[in-house]
Amino acid sequence: MTPRERVLTALNHREPDRVPFNMRICPELLAQFRQRLGDPLADWSTTQGHDIRPLDGFALEPCPDGVAVEEWTPPVAADQIDAAARQVRALQAQDVAVCSGYQMGVFEHAKEWLGDVDTLTLPHLDPRRCERVLDRITGWKMAVYGAWVSTGVDVVWIGDDLGTQRSLVMSPADYRHWYRPRHQRLVAHLKGLNPQVRVAFHCCGHVAPLVRDLIDIGVDILEAVQAEAMDIGYLKHEFGRDLCFWGGVGAQSVLARPSRQQVIDGVRQTLAKMMPGGGYIAAPCHTLTEEVTWDNIEAYHEAVRQYGSYAQAG
């Protein structure tokens, strides 16, 4: 199978030849990688044989001086959309699956505008203003995510960080009142633009109480799937028929382990839980930072290649 066929097969809840995979690394690790290769332009994903490539997000202009932040919704420049579309076509011509860049979601952007405390208290102190702010952000996100859909990506990447490592950051009732309807509006808009596009919802931390909500509003993929915050085996067993998972390899609990063999064992155990029946893209549950050693990064790739074959698993 080609990488794109492999990803799309998995996202259709079927087992491909092997589990598709990728890994995101921070700019500092990317610089180290290029230095190790002696090639300042080396492409990380191509070199490692990743099956799905998230692109860089659109660069949006900051709010100019003298403009109220709640009135600032910068458009995506047409030249950025054209450049992204060319990148998508080039990668798909190489039979690689392509995911949009990540742009912060409705809740995250409200925090960017209002701050963490005001975002969480505004629904109770000034619900009318909260409605106006969230609706404005939602309309803007429909345009930004919609621009990504227009580029032809296989997966459009939306989301909101709704969890800590122990719990949700708001009650399920508050999520369902304030954010679920807006997330639903976003998903419906994107699938209205292209019914074939898959919607990946990013959420760090503990989001298990809301997984059924995400399925019900039409989300196809839960991305991050933080193993330190949720029982990933439970998620697969309970929701794997209705939802795909992308991530799940613990950045803290697996990839930061002290020995190469511990990393290989941790990846193997993750694959054993998440691979059956398809519906899984293997990846660390976060962009890796410099505390993860190169030896462990190499061990991750070795383990996925060694234990990710469906023929072997069967």
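Derivation of every value follows stated rules applied to the coordinates shown; laboratory data play no part. Since we're looking at a predicted model, the values are computed, not measured. Virtual Cβ from ideal backbone geometry, glycine too; neighbours counted across all protein chains shown.
Summary of computed values
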quantity	calculated
Spatial separation of Cα centroids for segment 193-213 and segment 112-176, in angstrom	13 Å
Calculated diffusion of segment 73-114, Stokes-Einstein form, Kirkwood radius summed over Cα pairs, 37 °C and 0.692 mPa s, µm²/s	264 µm²/s
Rounded D (µm²/s) - segment 136-286, Kirkwood Rh over Cα pairs, Stokes-Einstein at 37 °C, 0.692 mPa s	205 µm²/s
Charge context of G159, other residues only, Cβ under 13 angstrom, K/R +1, D/E -1	-3
Cα-based shape type of segment 164-228, given that a ≥ b ≥ c are square roots of the gyration tensor eigenvalues and the cut on a/c is 1.5	oblate
Per residue convex hull volume, Cα atoms of the chain, in Å³	138 Å³
Relative contact order of the chain, defined on C-alpha pairs under 8 angstrom at six or more residues apart (%)	22 percent
Ratio Rg/Rh [Cα only; Rh per Kirkwood] for segment 57-142	1.10
Translational diffusion coefficient (Stokes-Einstein; Kirkwood radius from C-alpha pairs) of segment 38-90 at 4 °C, 1.567 mPa s, in µm²/s	91 µm²/s
GluC sites (Glu not before Pro) restricted to DSSP loop in segment 269-314 with at most 11 other C-beta within 10 Å	E290, E291
For V96, distant residues with modelled amide H under 5 Å away	R4
Separation between Cα centres of segment 227-242 and segment 1-62, rounded to whole Å	24 Å
Cross-link partners of K111 among lysines (Cα-Cα below 19 Å; sequence separation of 8 or more within a chain)	K141
Within-11-Å neighbourhood charge of I215 [Cβ basis; K, R +1; D, E -1]	-3
Cα-based shape type of segment 246-314, given that a ≥ b ≥ c are square roots of the gyration tensor eigenvalues and the cut on a/c is 1.5	prolate
Tilt relative to the chain, helix 27-37 - C-alpha long axis, 0 to 90 degrees, to 10	30 degrees
Scattering profile of segment 94-203 at q = 0.10, 0.14, 0.18 Å⁻¹ [log10 I(q)/I(0), Debye over alpha-carbon scatterers]	-0.30, -0.57, -0.88
Dipole moment magnitude, nearest 20 debye, the chain about Cα centre, only Lys, Arg, Asp, Glu C-beta charged	840 debye
